[in-house]
Amino acid sequence: MNPIFSAPVEVIFLIVIIASMITMFTTELMSTIPLITGFKNDGIRNNILKYVIPAWEVVGTFFVLWLVDMETIVPFFAPPMAYTLFPLFAVFIFFLIVRNATIIYAEFIWKDNRLFDDRKLYTFYAIATFIMGLMALSVITVMLSGYGAVVNISKPSLSSLNYAVLLSKIQLYGFIIGTLILLSGMGMVFYRTVDINTPRRFLPLVLVVIGLIIDCLTYLSLISADHSVNTDLIIIPIVLTLIIPILYTFKKTTYIASYKPLYVIFTIISVTFLELIVYPYVYGGKVYVPAVVTNSAVLTMDFYISIGGGLWLILMMIYYGYVSNHRMAKIMAEAKN
């Protein structure tokens, strides 16, 4: 029997929460390069910030929900994971604080400050978010491959990560570069930064195809040590990812391609299947997930509370994409007039 069909409901829920968290974070990560390179382009900057400013707090909410569910559903796995990934988590959290502080100052406090105006602060926000993305992709690389990781569930303090081994792996750099190229292409569609009336409308598709090729090759290499992988499932994320930039190349379907709820739903499904491909193992087959799932009464109560709050959060995230999309369409129509 395929292990996917025997996965506990609470584990599937945790997988979907992780997929939703990654999805929301990628919408921010896609904004970083345009914000940094379009430092003086008010049109691009305002277009992106109209989505990012209300959405950035939702990402933090998903982080909290993920941490709570990790501690409750797989409490024995959380400590060794913390020991192996602590430096990466520490850098991530530091720049999470920088990200939060700069966007708060830019939006509410230092709008007219000559030294630190909102334009510079949003650039600092983009840089901090980009570094967070590098750390997150490094964490995902370790969780998939187990490169350099020693995981001891019974004695978490003995768990560790050899960073010399991790940094020597070309797959780490391939996975990061491929994902960043892929997100650059998707971001051009998501934020509509490419003019559909020029040949540049094909650029998102080109970048997505290049990113997908690099990502697929490195992803399959990262999970090669795991004997339980369901590699056939990778076709689903590939197809869902390609649909969006392909639709963007045609004028009649441009609006559909950049429809934010579509990206959110497709990405949640895609990331969920990427997680299910390696289930029931993580760390390159070193940790068997069902063995670290708790069956306590607290889990039952937490599961019901979390599934209600989590589903509501996901639905609100999709609805926000709908609202943001229609608001942007209205602004663009007014600008044409």
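Just so you know, all these numbers are worked out from the coordinates, no wet-lab data involved. No experiment lies behind these values; they were computed from the predicted model shown. Note: ideal-geometry Cβ built from the backbone for every residue, glycine included; neighbour counts use all protein chains shown.
Data table
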read-out: Gained length - Thr198 relative to Glu57, 0.36 nm times residue gap less alpha-carbon distance; value: 47.2 nm
read-out: Sequence-distant residues sharing a close amide H with Ala149 (under 5 Å, placed H); value: Asn162
read-out: Pair Thr294, Val91: separation of 7 Å Cα→Cβ label points (nm); value: 3.1
read-out: Per-residue HN-Hα couplings for segment 169-186 [Karplus 6.51, -1.76, 1.60; θ = phi - 60°; Hz; x = Gly/Pro]; value: 8, 5, 4, 4, 5, x, 5, 5, 5, x, 5, 5, 5, 4, 5, 4, x, 5
read-out: 3J(HN,Hα) from dihedral phi, segment 52-69, Karplus parametrisation 6.51/-1.76/1.60, rounded to Hz, x for glycine, proline; value: 5, 4, x, 8, 4, 6, 5, 4, x, 5, 5, 4, 5, 4, 4, 4, 4, 5
read-out: Where N is the number of residues in segment 3-335, Cα Rg divided by 2.2 N^0.38 Å; value: 1.00
read-out: Using θ = phi - 60° and Karplus 6.51 cos²θ - 1.76 cosθ + 1.60, couplings along segment 253-261 (whole Hz; Gly, Pro as x); value: 10, 4, 4, 5, 4, 8, 6, 4, x
